[in-house]
Amino acid sequence: MSDYRSTLVKPVITEKASALKEASKYVFRVERGANKIEIRRAVENIFKVHVESVRTVSVPAKPKRQGLYSGQRAGWKKAYVTLRAGETIEAVDNI
């Protein structure tokens, strides 16, 4: 994957993610096929910061029903990105 913008789908804005920002940790929804190295390069190139570590989690699909019909909500992948101490991502902080 050479296109960095397609690797990062969007930042995850939750209560837990907001609390992690204090420790220079950011959460992103990423493409399912992206690995830690691609995620690190994408964050460093897009936001011009230094990444210390990347942890990934595959969020499983959830069963959903609407009346008689049943199906599944799509699964997705998220990444916890830890930045070097003192660095922030202004674009994500302002959301």
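Does segment 61-81 contain at least one residue that is in contact with a helix residue (DSSP H, G or I) (Cβ under 7 Å, 6 or more places away or on another chain), crowded, with 16+ Cβ neighbours inside 10 Å and either in contact (Cβ under 8 Å) with a residue 40 or more places away in the chain or not in a loop (DSSP other than H, G, I, E, B) (or both)?
yes
If you go through segment 20-36 one residue at a time, do you hit one that is loosely packed, with under 15 Cβ neighbours inside 10 Å, under 21 Å from residue 95 (Cα atoms) and of a type outside the set (Lys, Arg)?
Yes.
Within segment 40-52, how many residues are within 13 Å of residue 5 (Cβ to Cβ), over 13 Å from the mean Cα position of the chain (by Cα) and of a type in the set (Val, Ile, Thr)?
Looking only at that region, the number is 1.
Please work out which residue is surrounded by the fewest Cβ atoms within 10 Å (Cβ to Cβ), limiting yourself to segment 44-60 and to residues that are among the β-branched types (Val, Ile, Thr) and touching a residue at least 40 places away in the same chain (Cβ under 8 Å).
Applying the filter and picking the extreme gives 46.
Determine whether residue 55 is modelled with pLDDT under 95 and within 13 Å of the chain's Cα centre (by Cα).
Taking the combined requirement at face value, the residue does not satisfy it.
If we scan segment 6-14, do we find a residue that is touching a strand residue (DSSP E or B) at 6+ places or on another chain (Cβ under 7 Å), crowded, with 17+ Cβ neighbours inside 10 Å and polar (S, T, N, Q)?
yes
Condition first: of a type in the set (Ser, Thr, Tyr) and touching a Ser or Thr at 6+ places or on another chain (Cβ under 6 Å). Can you find one or more residues in segment 20-36 that meet it?
Scanning segment 20-36, I find no residue that is of a type in the set (Ser, Thr, Tyr) and touching a Ser or Thr at 6+ places or on another chain (Cβ under 6 Å), so the answer is no.
Starting from segment 9-20, keep only residues that are in contact (Cβ under 8 Å) with a residue 12 or more places away in the chain and of a type in the set (Val, Ile, Thr), then list their pairs with residues that are surrounded by 10 or more Cβ atoms within 10 Å (Cβ to Cβ) and in a strand (DSSP E or B) whose Cβ atoms are within a distance under 7 Å, requiring at least 6 positions of separation or different chains.
Matching pairs, first to second residue: 9/29; 9/30; 12/27; 12/28; 12/29; 12/78.
The values are calculated or read from the model by the stated rules, or taken from the named source; none is laboratory data. Being a predicted model, the structure only gives us computed values, none of them experimental. Cβ coordinates were reconstructed from backbone atoms using ideal geometry, including for glycine residues, and neighbour counts include every protein chain displayed.
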